[in-house]
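Written out below as structure tokens is the structure these notes cover.
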Amino acid sequence: MCTAPNACESPVPHLPRLTPVLLISALLAALIVTGVYQMGLRAGLDRLERSGEIAVQQAGDRITAQLESYKELANFLARHPRVMSQLDGRSDMVGVSEFLLRSTLIAGARSITVLDEGGRVLASSTLEDDPGFIGRALGQRDDVVAARTGRLGVYHSAERDGARGYYFTRSVLGPDSRPIGFVTVKVNVDQLEYEWRIDENVVTFFDAYGVAFVSNRLELALSFDPDLKRQEIVGSAPYPPESLTPFPEHLFERAGGRTIWAFDGGGVMPERALVVSRTLPLVEMTTRAFMDIAPAVGEARLQALLTAALLAAFGLGLLAFWQSRQRIADQLRIEAEANAVLEARVARRNAQLQQVQDDLVQASKLTALGHMSAEISHELNQPLSAIQNYAENAKKLIARDRAPDAKDNLSLISEQTERMGRIITNLRGFARKETEPLEDVDVGEVLRASLGLADQRARAEDVTLSLSLPDAPVFVEAGAVRLQQVVVNLLSNAMDAMEGQERREITVSLAQQTGQAVITVEDTGPGLADPTRAFEPFYTTKDVGASNGLGLGLSISYGIVGSFGGTLAVENPENGGARFTIALPLLDRQEAAE
Ligand code: ADP
């Protein structure tokens with residue numbers, strides 16, 4: 001388990017935290033959307049400006065074309081004999097006025113007037129409606145002043161009722177090419193406008209005074225720029241004060257890098273307009289087209305909205321992907337933690353098992369020792385009591401002077417002592433430390449010693465022990481005591497298995513086979529209940545107890561043989577019983593000798 005920080009690195013990569021990423025993404029998205037809106041608006045206003053230029057151009061062309069015919073009419077009448085005759089004093093005023101009225105009606109003009117050299121009205125198409133007009137002095141009017149110099153005179157003004165008139169004045173030249181009078185054609189501006197009021201864009205012609213003189217919106221006619229003072233206009237412009245109205249209130253704003261006129265709303269003006277201006281020399285006015293920017297704004301908004309929707313969809317996709325990655329990462333982290341906990345638990349359990357196994361090995365050794373010491377004391381007791389008997393007998397025989405018989409008894413005592421010595425030698429060998437170094441071991445010798453140890457129990461239980469050895473000694477590299485321990489264990493197991501059986505035989509044999517020393521221990525018992533489990537630690541079919549099975553003997557033996565580089569195997573032969581086979585590598589020099 002990782003308890004200290006950084007004690008162990010998690011194998012699962014950590015994903016960045018969501019909130020800052022979301023914030024930065026939202027900021028970026030807002031920037032992109034704003035950028036798209038601004039660019040869209042700029043492009044829209046560019047297009048609108050081009051449309052405005054076309055609208056201004058068309059309106060200028062239209063009014064120019066419309067006025068052109070009246071200009072020509074003024075030129076034509078300035079050379080007309082009726083007009084010239086009147087100025088020569090050869091014609092009557094009423095007759096010329098009628099001629100002028102007819103011309104007015106044919107041309108669709110408002111009125112036509114003939115002035116004398118000084119600018120006084122001589123005849124007019126309005127004679128019938130306004131006889132008082134005859135004799136009016138107009139010599140100071142701008143158009144008359146201009147015509148006097150030989151140019152085409154232009155002038156515009158309004159009546160009290162707001163009716164607007166546009167004037168063209170041409171001088172009438174006498175025989176010496178000097179002006180003898182003037183012809184003025186007045187055009188009805190309302191009538192001109194009538195034809196083009198349906199235009200969706202507001203187009204207005206402002207005169208030099210800042211007054212909207214011509215417009216395709218009747219409401220704007222004679223409105224004056226609110227920045228100009230009414231008094232200034234009234235004082236200088238040729239309009240009756242009561243005919244003037246203020247131009248709709250507006251502020252200036254910036255949008256898409258341009259100045260926008262923002263109107264209060266309502267009325268004829270669009271709420272927000274891009275203004276395109278152009279001066280029109282013929283009429284000496286400035287044309288202004290008020291282009292409604294609402295469609296351009298709407299289009300830019302739509303583009304921004306679409307971009308926002310795309311970004312949102314992309315963002316949601318990313319979020320879903322991120323969340324799935326996060327889930328997987330969380331899952332992996334949980335699994336990694338669970339694995340770490342499990343591994344720690346397994347390691348703890350293994351340590352505990354190792355401890356238990358060590359304890360059990362120790363217990364089994366003690367058990368075996370107890371077992372053996374009981375057997376050995378029994379084994380030693382027998383010769384001891386025999387020795388005692390023989391000694392008693394010898395004493396008695398010597399007392400009776402039967403020395404030769406006493407000698408026999410002494411020989412028997414000597415035999416028994418030898419036997420006891422053998423037992424003790426084996427015991428000492430068995431008790432020697434397990435971690436003895438490997439040495440050259442004579443396998444036959446070990447087998448003989450092992451059988452010697454088992455001999456006492458075999459005789460007690462009526463078990464026939466037989467040993468078959470090759471003629472030549474067989475050497476392996478092993479620990480003699482531990483190898484003996486293995487063989488004794490196999491013999492002891494065989495005797496256990498044959499308890500209560502009719503036939504009780506154990507055959508131990510040694511042979512050399514393909515570089516190996518092969519020891520077999522066969523018995524005539526019932527065979528193994530489950531040979532595949534025989535070497536499992538703690539596998540036993542015996543009652544578990546201090547003197548019975550622990551299930552460790554074979555597993556320890558297996559380990560011991562393995563530590564010599566050999567193998568221990570078991571099988572149940574077809575003809576019955578159990579057969580254990582120990583195979584150990586022969587010593588190199590012995591192999592060479594083979
Ligand atoms: P233990 O002798 O304490 O049971 P072992 O590891 O020495 O432990 O033996 C394990 C088991 O193998 C025995 O309980 C027994 O069932 C079986 N076994 C061992 N040797 C023989 C044999 N010669 N014949 C039949 N079964 C045997």
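Structure summary
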| quantity | calculated |
| --- | --- |
| Paramagnetic reach from residue 323 (point 7 Å along Cα→Cβ, amide N under 19 Å) across segment 19-33 | 19-26 |
| Under Karplus coefficients 6.51, -1.76 and 1.60, residue-wise ³J(HN,Hα) of segment 395-402 in Hz, glycine/proline x | 4, 5, 5, 5, 4, 8, 6, 10 |
| Net charge contributed by nearby residues that have their C-beta within less than 12 Å of residue 77 (K/R +1, D/E -1) | +4 |
| Difference of contour (0.36 nm per residue) and Cα-Cα distance, residue 333 to residue 467 | 41.8 nm |
| Ranked packing of 287-295, 187-195, 131-139, most packed first, by mean Cβ within 10 Å | 287-295, 187-195, 131-139 |
| Cα long-axis angle, helix 553-563 against the chain (0 to 90 degrees, to the nearest 10) | 80 degrees |
| Amide H partners (placed H, <5 Å) of residue 260, local residues excluded | 253, 254, 255 |
| Top positive-direction residue, dipole computed over the chain with Cβ charges, set 304, 340, 105 | 105 |
| Inter-site label distance for residue 284 and residue 438 at 7 Å from Cα along Cβ, in nm | 12.9 nm |
| Mean Cα-pair separation over length for the chain, i.e. relative contact order, pairs under 8 Å, 6 or more apart, % | 10 percent |
| Helix-derived mean residue ellipticity, 222 nm - over the chain, DSSP H n ≥ 4, -39500 (n - 2.57), to 500 | -17500 deg cm²/dmol |
| In the chain, lysine pairs with alpha-carbon atoms under 29 angstrom apart (chain gap of 8 or more, or interchain) | 7 |
| Relative contact order for segment 483-523, counting Cα pairs under 8 Å that sit 6 or more residues apart, in percent | 35 percent |
| Environment charge of residue 259, counting only residues whose C-beta is closer than 12 Å and scoring Lys/Arg +1, Asp/Glu -1 | +1 |
| Contact order normalised by residue count of segment 76-184, Cα under 8 Å, 6+ apart, percent | 24 percent |
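Coordinate-derived values only; no laboratory data. Here the structure is a predicted model, which is why all the values come from computation and not from measurement. In this analysis, Cβ positions are derived from the backbone assuming ideal geometry, glycine residues included, and neighbour counts consider all displayed protein chains.
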